[in-house]
Amino acid sequence: MARRHSTTRGFKRTSVLLKDRIREAGESRGFAVSRVLTHWAEIAGPDMAAQARPVDVSYGRGGFGATLTVLTTGPNAPLLEMQKEQLREKVNAAYGYAAIKRIRITQTAPTGFAEGQAVFAGPKPRSDAPPDPQVTQAARDRASGVADDGLRSALERLGRNILSKPNR
C-alpha cells in the first residue's frame, strides 16, 4: 500500500490554527460574535443579508445585552429599520437566548468615508422562463370555484408562485 504524502509539508491553514482562539475571544462574554459574522446569511436570511451586513457587536457596562451594528446602503436603511425587531429575534434565536438587546443601523462604510464602499448583492433577477404547464393547470383548477374574475386571476398567480417554488 502506497503511503500518502502531505502536500502542506507540515504547514497548517491559518483558519485551523486560529479557530479556537477566535471562538474563545468571541465567547469571552458568553456570546459568539464570530458566528454572526460567518453565518450571517443563514441567521438573517438571504433577503436581509443582501441588504445589510454585521459590522460590530458592542457590550454595555454590565456585560449583558449587546448592541449589534449593521451596515446598509441609504435606500435600504428605512426598510431595515422597520425589520430591526425581526432581525434581533433571528439573531437571538440562533444563540438560544437574548444576547442582542439593541440593533443600530449605520449607512457608512466600516472603514471610513473615502476608503470603503458598501457593496451588497442586489435583488435576485426575475426569471422570465415560462411557468410549468402542470403548475399553471393546478393553480387554475384550485381557483376555479371563485366567481370574481379579478380575484380568480390573482389567486391563480399566487397559486403558480407557491406551487413553482422548490420545497425547502
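Within the range 69-99, how many residues are within 13 Å of residue 43 (Cα to Cα), surrounded by 13 or more Cβ atoms within 10 Å (Cβ to Cβ) and modelled with pLDDT under 90?
4
Here are some conditions: (1) within 19 Å of the chain's Cα centre (by Cα); (2) acidic (Asp, Glu); (3) at pLDDT 90 or above. Residue 148 meets all but one. Which one does it not meet?
The failed condition is (1).
Where residues in the range 39-68 are closer than 13 Å to residue 102 by Cβ and either at pLDDT 90 or above or hydrophobic (A, V, I, L, M, F, W, C) (or both), which of them is surrounded by the fewest Cβ atoms within 10 Å (Cβ to Cβ)? Please lay out each step first, then the result.
Looking only at the range 39-68, we keep the residues that are closer than 13 Å to residue 102 by Cβ, and these are 56-60, 64-68.
Cutting the leftovers down to either at pLDDT 90 or above or hydrophobic (A, V, I, L, M, F, W, C) (or both) gives us 57, 64, 66, 68.
Values: 57: 20, 64: 14, 66: 23, 68: 23.
So the residue we want is 64.
Under 6 Å between Cβ atoms, which residue pairs at least 6 apart in sequence (or on different chains) link something in the range 61-75 that is closer than 19 Å to residue 85 by Cβ with a partner that is of a type in the set (Asp, Glu) and modelled with pLDDT of 75 or more?
69/56
The values are calculated or read from the model by the stated rules, or taken from the named source; none is laboratory data. Since this is a predicted model, take the numbers as computed values, not measurements. A quick note on method: Cβ atoms are made from the backbone with ideal geometry, for glycine too, and the neighbour counts reach across all protein chains shown.
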